[in-house]
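In what follows, a single structure is set out as structure tokens and then discussed.
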Amino acid sequence: MRFSAQEQIAMPLEEAVIEHRVVGGVAATTEGPAQIDVMLVAARRDMILASLAPLRAADLEPVGVDLSAFGMIRALADEFAGVSTEETLPATRPATLYCHLGDATTLAVARGRSCLFTRVSPVGLEDIAGGLASSTGLSPEHAAMWLNHVGLGRPVEEVEGDPGTVARTRAALTHGAASLVDELRMSLDFYAAQETAVAVERIVLGGPGGAIPGLAEEMEPQIGLPIAVGRPAALAGYDAATAARLALPLGIALDV
């Protein structure tokens, strides 16, 4: 594994922390040997040690370091992939693109609970709210509140509030949705070009951005795949905005 990893990781192995997980494969046939599909995760050792130092200084003993993408999948896969364990799935089963829209956007292609591809895009709510704050003089916090208030699900004439602010908020959301669609398309195209890529059949939108009314419906026809808003069943008792904010922490807290 370490020999193969050196060809894929853009850092010296002695400076990296490496972990892997088997996510699939095919049995041997008369036409060729068995193959194993592996998800490889690597991070710079000094970055990990710096993150763990405050915990150890507080006499806490870390038991693991997780990825946001993995937590997002664990929180939502039971509902959208129909699995609750690391069961083996047919190689032909389509995958789902999970999209956690926060300050940045975490993307992960998964089949069942197995993550096949992940990346983090800088395009997210921070960009959208920041642009709105610049054009209106609102604080970033108030701009984020306006995004949820105005949304994309009803005519601007029906939205309460200052008409100018409502109009600028709607424009920021429309532009932001288009930027997110571009990011999703680019990620899907990059993933599809991989030799072991699995067809993606749908997108699940989560995180604080998933609670913005009408955002999924705005993006769906532009990207050409069905988009559902993810909300873990365990958070059903919370309002939409709170459930969206807690989905990722819930997934991180779940046992693998």
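Around the amide H of Ala43, modelled in the peptide plane, lie the amide H atoms of Val17, all under 5 Å away and 5 or more residues distant in sequence or on another chain.
Could you work out the relative contact order of segment 67-256, using alpha carbon pairs under 8 angstrom and six or more residues apart, expressed as a whole percent? Could the numbers behind the result be given before it?
Values: 320 pairs, mean separation 53.1, N = 190.
Relative contact order for segment 67-256 comes out at 28 percent.
Counting neighbouring Cβ atoms within 10 Å and putting the fewest first, the residues Glu126, Glu158 line up as Glu158, Glu126.
What ranking do Asp127, Asp46 get, fewest neighbouring Cβ atoms within 10 angstrom at the top?
If I rank by nearby Cβ atoms, fewest first, I get Asp46, Asp127.
How fast does the chain diffuse by Stokes-Einstein, in µm²/s, taking the Kirkwood radius from C-alpha pairs at 4 °C and 1.567 mPa s? D = 65 µm²/s. Between the amide H of Val123 and those of Thr105, distances stay under 5 Å, these residues lying 5 or more places away or on another chain, with hydrogens modeled in the peptide plane. The residues Thr242, Thr169, when put in order of fewest to most other Cβ atoms within 10 Å, stand as Thr242, Thr169.
Can you compute the charge dipole magnitude of segment 29-152 about its Cα centre, using +1 on each Lys and Arg Cβ and -1 on each Asp and Glu Cβ, nothing else charged? Give it in debye, rounded to the nearest 20.
Details: 8 positive and 14 negative charges, 41 e Å.
The calculated dipole for segment 29-152 is roughly 200 debye.
Charge dipole of segment 169-211 (Cα centre as origin; +1 on each Lys and Arg Cβ, -1 on each Asp and Glu Cβ, all else neutral): 260 debye, rounded to the nearest 20. Relative to the 2.2 N^0.38 Å rule of thumb, segment 141-244 has a C-alpha radius of gyration ratio of 1.21. Taking the Cα centre of the chain as origin and assigning +1 to Lys and Arg Cβ atoms and -1 to Asp and Glu Cβ atoms, the resulting dipole is close to 160 debye.
Close amide H partners of Val38, meaning residues 5 or more places away or on another chain with modelled amide H under 5 Å apart, are Val23. Axis angle, to the nearest 10 degrees, between helix 125-136 and the longest C-alpha principal axis of the chain: 20 degrees.
Readers should treat all values here as calculations from the given coordinates under stated rules, not as data from a laboratory. All values derive from a computational prediction rather than experimental measurement. Note: ideal-geometry Cβ built from the backbone for every residue, glycine included; neighbour counts use all protein chains shown.
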